[in-house]
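No value in this document is a laboratory result; all are computed from the given coordinates. Worth saying up front: this structure is predicted, and the values here are computed from it rather than measured. Glycine gets a Cβ as well: all are built from the backbone with ideal geometry, and neighbour counts include every protein chain shown.
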Amino acid sequence: MTVRPYRPEDWDAIARIHDTARLDELRCSVGVEAFLTLAETHEEEGLFDGELWVAEVVDGADPEPVVAGFAAFADAELTWLYVDPARQRRGIGRVLLGHVLEADDSARIECTVLAGNDNARALYESAGFVVVETKTGKLAGNERFAATGHVMEWRRP
């Protein structure tokens, strides 16, 4: 597995990953009625405001790597981290998260996890993030829906 900067030709892959994984995320939290595609939300939600990386893996006999996940980071905040659901639980999210923590020299890094997204929360907690606040408000990206999120923080040792 390798992590590299996003390239425009990665768009279709990250859109597919987001749209599939976002449905799973919403299914265990706010509800799938709140779903919007990456194409509908990426500008307002600032996908390209900071750094954006993709994780590539080689699957099976095909020697060409495929995009398996992506992470975005801006202003000491991990703003996006999604892994292809068909490739989850293989360490891709952990590698992307580790890349973010190593690539930035911020003393603290923050992220928000929707209440009910226990797998994401467990990933962040395993890396040393702790919940510092729980908020209920409008769902980022689709403000017609209410959501509860755990603000998590990681501090550089």
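General observations
- Separation of the residue 94 and residue 132 label points, Cα + 7 Å toward Cβ, nm: 2.5
- Span from the the range 88-157 Cα centroid across to the the range 3-48 one, whole angstrom: 16
- Computed on the range 67-123, the Cα convex hull volume stands at 82 Å³ per residue.
- Helix runs (DSSP H) in the chain reaching 27 Å along axis by Cα, Kyte-Doolittle at least 0.0: none
- Restricting the calculation to alpha carbons of the range 102-157 gives Rg and Dmax of 12.3, 39 angstrom.
- Once Kirkwood radius over Cα pairs in Å is calculated for the structure shown, the corresponding label among (i) 15.9; (ii) 16.3; (iii) 18.8 turns out to be (i).
- Couplings 3J(HN,Hα) of the range 129-140, computed from phi: 6, 10, 6, 10, 6, 10, 10, 10, x, 7, 5, 4 Hz, in residue order, whole Hz [Karplus 6.51 cos²θ - 1.76 cosθ + 1.60, θ = phi - 60°; x for Gly and Pro].
- Environment charge at residue 69 (Cβ cut-off 14 Å; Lys +1, Arg +1, Asp -1, Glu -1): 0
- With 0.36 nm allotted per residue and the present C-alpha distance subtracted, the residue 143-residue 7 stretch has 46.0 nm of extension available.
- Separation of the residue 156 and residue 20 label points, Cα + 7 Å toward Cβ, nm: 3.6
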